[in-house]
Every structure is written in C-alpha cells, then in structure tokens.
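Only the coordinates and a few stated rules stand behind these numbers; no lab work does. If you're wondering where the values come from, they're calculated on a predicted model, not measured in any experiment. Please note: Cβ atoms are built from the backbone with ideal geometry, for glycine as well, and neighbour counts cover all protein chains shown.
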Amino acid sequence: METFGKLPSGEEVKIFTLTNEAGMEARITTYGGIVVSLEVPDRQGRLGDVVLGFDTLDGYLKGHPYFGAIVGRYGNRIGGAQFTLDGVTYKLAANNGPNHLHGGIEGFDKKNWKVEAADGSSLTLGYVSPDGEEGYPGTLRTRVTYTVTPDNGLRIDYEATTDKPTVVNLTNHSYFNLKDAGATPILDHEIMINADRFTPVDETLIPTGELRPVEGTPFDFREPHKIGERIDADDEQIRFGGGYDHNFVLNRTGEGLELAARVYEPATGRVLEVLTTEPGVQFYTGNFLDGTLEGKGGIRYQKRAAFCLETQHFPDSPNKPQFPSVVLRPGETYRTTTVYRFSVKK
Ligand code: GLA
C-alpha cells in the first residue's frame, strides 16, 4: 500500500498492488476503486499494461470518462433521469442529455472508498451511500473485492444491502487495449460475444425495450470478428452509438459465472475472457475518446483507443418491467461477480 495523492479536502488516497505467482499485477486505488494499471504477459511472457488511465491521482481528479472505475449506484443509463418504485417517483440528475448516466454527478467512481481488507492478492473496498444520495432511495452499503487469481484473472465481487427498496447495478468501467495500453486503436482486436440478442437503443442510447436477434447485423459476434470490421457500417444502431455502445443479452444456462466475451489481440497473442454472473454486457468501443486526454506515459487517447466490457443488468431496467429486475429490498443481498481472465494464444 502506498499513498497515491490527496483529495482537495486533504483526505489521503491510497493505492494497492495486487499480484499472483505468475507475475500478473493490478494496481487499484481507493479513489473510485479505479484499476489504475493491469500488467499481464504477452505470448513471449513479457508483461505489459492493458488498461487506460493516468500516472497520478491528479489525472483522475481533472475528469475522465470512468477509466477503470467502479460505477454505481446504477451503471449505464436511466431514461428521462427518473424511475418509479413502489408507486414513488425518484428524480435523478440528467447528466447525459435527458438521461441519467453511471450514477449521476458524483457517482461511486468519484468516492474515496474505505479499505475493509487487503492482502497481497486481494483488496476489499467499502462505501456507504447515504439515503437520497444522487436521488436514490435507501442507505446502500456497498462492498467490492478485487482479487488477482492464480490463473491470471482479475476477479471482482460486488455486494450491497439497503435499508429501503432501491435499484442497484454495479460495474467496472476498465478500458482495455491488449496491444499497447491505448497507443493505437483496438480495431484489429478480434472479439466474440456470447449473445444471440442485444438491446437496440433510441438516439439517446436508451433501450427501446426490444431484444433483437444479432443475426444478420453488425452485432453478430457469436463467431469472432475484428472490432473494426463493421464498426462504421451503414446501420442505424451503429450510427446512434457512433460505433458500438450497446448492451448484449448474454446467452446463459444458469446462475453461475459464464463466459460473456473473448477478445484476442493478434500482435501480442493476448486473450481476455470475461466471465460473469450478470445477464448483460455493454460493449463500448471508446467512441467518445478524442485525443484530448493525456494518459499514462504521455499517451494521448484517440478515438477507439480502447474497448470496455461492462458487465451489468440492462440499461434503463428501472423503467423496463420486462427486463431482469434491478430492485434490491431490505433483507436481500445484491451479489454479482465478474472475472477478467488473461491468457495467450500461440
Ligand atoms: C459507457 C456509456 C458510453 C459512454 C461511456 C463513458 O460505456 O455507454 O456511452 O458514456 O460509458 O464515456
């Protein structure tokens, strides 16, 4: 554990280094629970960083699009920035056009989390979100555990309880580039997404409610395709997202950890597999990056310098009764797990 920096309030922000015997290394800060760096081997066994971010706390404090952060209370969008639960309407910040995005103005990505436990390979962070914070009902007691596993996985276990009925949808917003940590675009990475359907959106990126088959669309990644192959296709959904920025409905057989996606980077041989207990994953291709942010090692992050695989319940679920429920009630415990597992293909 080291000091990463200080908040304007003077509060200290810490950073932890988690490792395994195989040499994988994750650096995670208490600020936003952000994964600052993630070093994994390439096919020659050389370690390299595969996530975007900043060298210093200051970089994060200046503002950024959720690099590596824990996102909550509600990862992704809530349409019209409001929802009704048990007959009561809750108004949230409209921080993304007319919609609410990633928990609001000061979401979980901007909180300095408490350290609840730490050892060489794992870190448990806690945050208690007060009743009414960002407009959400209920005191939400949240705990997130990061573990670097022996088989080169970064495992993330999320847990939450509430004292009033509320909604919750936690995720991690790491931006991956398996080749060069964001120096060049991810268009040559090949991705498989284990989904027969996705949730098409309107022009403000709110799901229409339809679960549309991917068959015959640029969203069919059931067999691997280069990310760049159809990213500029003449397709309304691609246009709305400015590329991929969509939730996929994962094919699931049960409740446990199941494969959501697999990404292969041919130059380094690196493979990322995403396993999750969640029903969906947001595949986002860094369409809003525009070269203005200067990250680790002075790299300017250009458009599509990274991709995100944000495991989640579907966007706007609080207003879509037909989607899997995101309601958490007193006495229940919210629990989800996602693993980002790395390997190489020879
Ligand atoms: C998510 C959203 C995107 C964008 C990024 C952050 O992935 O779906 O539209 O807001 O976060 O820039």
task = Using the structure shown, decide if PHE288 is aromatic (Phe, Trp, Tyr), touching a Gly at 6+ places or on another chain (Cβ under 7 Å) and in contact (Cβ under 8 Å) with a residue 24 or more places away in the chain.
result = no
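Mind listing whichever residues of the stretch 160-180 are within 16 Å of the ligand (Cβ to nearest atom), assigned to a strand (DSSP E or B) and of a type outside the set (Ser, Thr, Tyr)?
Step one: filter the stretch 160-180 for residues within 16 Å of the ligand (Cβ to nearest atom), giving 169-177.
Applying the additional criterion that residues be assigned to a strand (DSSP E or B) yields 169, 171-172, 176.
Across the stretch 160-180, the qualifying residues are ASN169, ASN172, PHE176.
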task = Pick out, from the stretch 264-346, the strands (runs of 3 or more DSSP E) lying fully within it that include 3 or more residues that are within 15 Å of the ligand (Cβ to nearest atom) and surrounded by 20 or more Cβ atoms within 10 Å (Cβ to Cβ).
result = 280-284, 308-312
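Is there a residue being of a type in the set (Asp, Glu), out of contact with any strand residue (DSSP E or B) (no Cβ under 9 Å at 6 or more places or on another chain) and outside any strand (DSSP E or B) anywhere in the stretch 20-37? First the steps, then the outcome.
Narrowing the stretch 20-37 to residues of a type in the set (Asp, Glu): 21, 25.
Going one step further and asking which of them are out of contact with any strand residue (DSSP E or B) (no Cβ under 9 Å at 6 or more places or on another chain), we end up with 21.
Going one step further and asking which of them are outside any strand (DSSP E or B), we end up with 21.
Yes; the residues of the stretch 20-37 include at least one that is of a type in the set (Asp, Glu), out of contact with any strand residue (DSSP E or B) (no Cβ under 9 Å at 6 or more places or on another chain) and outside any strand (DSSP E or B).
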inquiry  = I need every pair where a residue in the stretch 301-321 that is within 21 Å of THR184 (Cα to Cα) has its Cβ under 6 Å from the Cβ of a residue that is outside any loop (DSSP other than H, G, I, E, B) and more than 12 Å from the ligand (Cβ to nearest atom), sequence separation at least 6 or different chains.
reply    = ALA306/PHE176; PHE307/PHE176; LEU309/ALA261; LEU309/VAL274
task = Working carefully through the options THR89, THR56, THR19, THR29, find the one that is surrounded by fewer than 16 Cβ atoms within 10 Å (Cβ to Cβ), polar (S, T, N, Q) and closer than 30 Å to GLY132 by Cα.
result = THR89
key: Which numbered condition ALA260 fails, given (1) assigned to a loop (DSSP other than H, G, I, E, B); (2) surrounded by 16 or more Cβ atoms within 10 Å (Cβ to Cβ)   = (1)
key: Residues of the stretch 196-253 satisfying the condition of being touching a residue at least 40 places away in the same chain (Cβ under 8 Å), away from the ligand (no atom under 16 Å from the Cβ) and small (Gly, Ala, Ser)   = GLY209, GLY228
query = When the stretch 212-229 is examined, which residues are found to be surrounded by fewer than 16 Cβ atoms within 10 Å (Cβ to Cβ) and among the acidic types (Asp, Glu)?
reply = GLU215, GLU223, GLU229
